Amino acid sequence: MTAAAYAIDHFTAPERRVFRPRERITVSQWAEKYRVVVRGPAQGKWSNGLTPYCIEPMDTIALPWVRKVFLCWAPQTGKTSVGINFMLYAIDVDPGPMLYVMPDEKVSKRIAKRQLIPTIRSTPRTGSLLSTRIDDITSLHVNFANGCDLMMAWATSAAALASESIRYIFWDEPGKYPDFVGEEADPFSLGDVRTNSYQYTSKQIFYSTPKLDGDAFDRLIRSEAEEHRRYHAKCPICGHLQVMAFDRIHWQGKKDHREVLRGKLARYACEKCGMDWDDHARNLAVRSGRWKSDHPVERPTAIAFGPLESWYSPFVSLSKAAADFLKGQDDPKKLQAFVTQHQARPWKEVVESKAEGDLLKRKTDLPPGIAPAWSVALTAGIDVQKRGFWFVVRAWDGDLNSHLVSYGYLSTFEEVRALVFDTWFPKDGSQDRLQIWRAAIDTGGGKGEADDDAISRTEEIYEFIRAHGRRDGKQVVFAVKGSSRPQLIRVNYPQPIDRMPRSNKPIPGGLELRSLDTHELKKLLHWRLTRRDQRVDDAGNVTQAESQRIFLHAETGVDYTRQFLAEELRRSRKGRLEWVRIRTDNHLLDAEVYAAACADNSWHPNLAGLARYVKTRSDHVQRRADDAQRVEDAKPKTPVQAIVQQRVAALRRPAGGWMSGI
Ligand SMILES: [Zn+2]
């Protein structure tokens, strides 16, 4: 035992608090002197120089007039250390009852065990105050020898939040707290109530990566911060102070994110002198930078630092930021990750309600039943009704551009079979023909019907897929089901189904069921509607066409567009975004969701992979000969085949008409 610890043992806790001289030291000085980092990329003694933007927030929260500090920062910037350093400082220098709030129970227990307790223990100033009885530090309640008291809680443990008077609250990742209903007391208001008895000495610090525009954390910062400060880096060449904007980062115009990352190609161009900073120069610029506010307030009580983007962090290379940006260009979900994880901005869901007229602008000259020349494969989505089936057939290329080849209604299973297995779609401008490569049929049963009917419909579909799902031994028709819960991937891994839902009869050989994140797939469809064609501006500059554009055949009518636009993304009372049906019939939208799922990268083997294979395949000539033979084989031999082929190609004109120019 050290002499100091021995001496301190002769006083009671309150006496110690009164007698101990306050150390005249700022939080950042304290951290540099005492803090030991136990996890992450910078283990060992804390150094202010590594993440210099942490210094001012740390010291600001300790100022006597400051009650709240908000950090809205990208991951891997060190924001949690700002909170933890202040916590350790307060335990040592200015103890009081503390509450540490995390997103949920599991995370709380993990962080307490893996991060908080080991940090408190390894930092000598706080470790020596820990009780030696092991019980005190394995629970979510830690007592210190100087009377300081640390409770750990999570956002929904309202009881814990409501039971004690608290001086310090550490809000860890409030962006990840679950939604709470408006009328209920939210954790932030409960926190305010808890600190009432420390009106002039309470401190609350919030550190998080943002999530959604308008969520609770976002609203809190907007309503409470009196002053917003942004970090300005200082150019090592010209000395100009600037907020580092993403559009000043460049990477030699490369499109492939792997190339950018591998070659470490990204540079930041100084706003003033235009000189390029590599990662090293960036680190220097950040080290000599500082926080500044456009609208400084005298003695603000609540201050927001940020957003602090990932590219300020010494742990994130400029090329990593650029690569993740490039990934986001072809996938709205990855774009969302870039915005929240790199730009540290809350994600704004923009799904503008579109007019039918706008959708019809996606029409091309191709009549129904014809696949564009660039088609690699066709997918079909089939939405099951009580009596019949709505379907779409969509042609795709390797960049997931797609063209609506056909849509409509079929009455019987036999017609569905004929569509998938007997129908050949000519490719525009060639002798090639395509069959449907993959079809997804929904097994959920007709909506809004008695459960019994729905279950027997599901059984019928299972039977159909069992009996008719394959072509040459290869599965073509797949069972899918919309999921109301969010999924990590849009198309989940197949789940085996080996029994009928009602009769519990075993299904010989079983079948696979894939659940679809319909919320995300609908967002994807709407995002695809915003993808742009190649453009040439007045100066003759060509902007490349974007991937994943959607096209419609020449005869697409309002019957299609009304159903496609039958749902709108709206914010619910809880602040959650939900698809709301604004028209009765949304069947073709569902069918489009299933057809898009068939082509999604998360469904393996995926269509993009098939496209690469087709491109490199050398037996091109042989294939054409085979196809021609198969076309002959597939000429309608039954009345049903004839009906379906007629419906699919209802308006196909004779050769020599629209095809004559080719
Ligand atoms: Zn410069």
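Please go through the range 483-512 and give me each residue that is open to solvent by less than 60 Å² (accessible area, probe 1.4 Å), within 33 Å of the chain's Cα centre (by Cα) and small (Gly, Ala, Ser), ordered by number. Of everything in the range 483-512, just one residue is open to solvent by less than 60 Å² (accessible area, probe 1.4 Å), within 33 Å of the chain's Cα centre (by Cα) and small (Gly, Ala, Ser), namely Ser483.
Scanning the range 350-403 for residues that are of a type in the set (Ser, Thr, Tyr), modelled with pLDDT of 90 or more and either open to solvent by 10 Å² or more (accessible area, probe 1.4 Å) or in contact with a Ser or Thr (Cβ under 7 Å, 6 or more places away or on another chain) (or both) turns up just one, Thr364.
Tell me which strands (runs of 3 or more DSSP E) are completely within the range 454-542 and hold 3 or more residues being within 21 Å of Asp590 (Cα to Cα), or say none if there are none. If you could, list the steps in order and put the result at the bottom.
On the way: elements: 477-483, 495-499, 506-517.
Where strands (runs of 3 or more DSSP E) fall fully within the range 454-542 and carry at least 3 residues being within 21 Å of Asp590 (Cα to Cα), they are 477-483, 506-517.
Does Ser223 meet the test of being closer than 30 Å to Trp347 by Cβ, touching an Asp or Glu at 6+ places or on another chain (Cβ under 6 Å) and more than 16 Å from the ligand (Cβ to nearest atom)? Considered against the rule, which asks whether it is closer than 30 Å to Trp347 by Cβ, touching an Asp or Glu at 6+ places or on another chain (Cβ under 6 Å) and more than 16 Å from the ligand (Cβ to nearest atom), Ser223 comes out as no.
Taking the residues in the range 224-253 that are among the charged types (D, E, K, R) and in contact (Cβ under 8 Å) with a residue 24 or more places away in the chain as candidates, determine which candidate is surrounded by the most Cβ atoms within 10 Å (Cβ to Cβ). Ranking the candidates gives Arg229 first.
For Ile205, the conditions (1) closer than 30 Å to Ala266 by Cα; (2) modelled with pLDDT of 95 or more; (3) under 29 Å from the mean Cα position of the chain (by Cα) are fulfilled apart from (1). Checking each residue in the range 330-368 for being in contact with a His (Cβ under 6 Å, 6 or more places away or on another chain) and farther than 20 Å from Leu521 by Cα picks out Leu366, Pro368.
Is it the case that Lys272 is open to solvent by 70 Å² or more (accessible area, probe 1.4 Å) and either outside any helix (DSSP H, G or I) or away from the ligand (no atom under 12 Å from the Cβ) (or both)? Break it down into steps so the answer makes sense when it comes.
Working: open to solvent by 70 Å² or more (accessible area, probe 1.4 Å): yes; either outside any helix (DSSP H, G or I) or away from the ligand (no atom under 12 Å from the Cβ) (or both): yes.
Yes, satisfied.
Anything in the range 521-542 that is farther than 19 Å from Lys354 by Cβ and open to solvent by less than 70 Å² (accessible area, probe 1.4 Å)? List them, or say none.
Result: Gly540, single match.
A residue that is β-branched (Val, Ile, Thr) and touching a His at 6+ places or on another chain (Cβ under 7 Å) occurs nowhere in the range 369-387.
In this structure, does Gln341 turn out to be farther than 23 Å from Asp278 by Cα and either open to solvent by less than 30 Å² (accessible area, probe 1.4 Å) or within 21 Å of the chain's Cα centre (by Cα) (or both)? If you could, list the steps in order and put the result at the bottom.
On the way: farther than 23 Å from Asp278 by Cα: no; either open to solvent by less than 30 Å² (accessible area, probe 1.4 Å) or within 21 Å of the chain's Cα centre (by Cα) (or both): yes.
Answer is no for this residue.
Here the range 543-564 is the region considered, the condition is being under 17 Å from Pro367 (Cα atoms) and free of Cβ contacts under 8 Å to residues at least 40 places away in the same chain, and the residue that is least open to solvent (accessible area, probe 1.4 Å) is Gly557.
Just one residue in the set Phe217, Phe188 is touching a Leu at 6+ places or on another chain (Cβ under 7 Å), open to solvent by less than 70 Å² (accessible area, probe 1.4 Å), assigned to a helix (DSSP H, G or I) and more than 16 Å from the ligand (Cβ to nearest atom); that residue is Phe188. Inside the range 441-457, can you point out the residues that are in contact with a strand residue (DSSP E or B) (Cβ under 9 Å, 6 or more places away or on another chain) and at pLDDT below 90? Gly444, Gly445, Gly446, Arg457 - these are the residues of the range 441-457 that are in contact with a strand residue (DSSP E or B) (Cβ under 9 Å, 6 or more places away or on another chain) and at pLDDT below 90. The set of residues in the range 275-295 that are under 16 Å from Phe315 (Cα atoms) and either open to solvent by 20 Å² or more (accessible area, probe 1.4 Å) or in contact with an Asp or Glu (Cβ under 7 Å, 6 or more places away or on another chain) (or both) comprises Asp278, Asp279, His280, Asn283, Leu284, Arg287.
Of the residues making up the range 257-268, none is away from the ligand (no atom under 15 Å from the Cβ) and assigned to a strand (DSSP E or B). Among the numbered conditions (1) open to solvent by 50 Å² or more (accessible area, probe 1.4 Å); (2) assigned to a loop (DSSP other than H, G, I, E, B); (3) touching a helix residue (DSSP H, G or I) at 6+ places or on another chain (Cβ under 7 Å), the only one that Asp179 does not meet is (3).
The values are calculated or read from the model by the stated rules, or taken from the named source; none is laboratory data. Here the structure is a predicted model, which means the values were calculated and not measured. All Cβ positions, glycine included, derive from the backbone under ideal geometry; neighbour counts span all protein chains shown. Note: areas computed on protein heavy atoms with side chains; ligands, DNA, RNA excluded. Shrake-Rupley method; radii C 1.70, N 1.55, O 1.52, S 1.80 Å.
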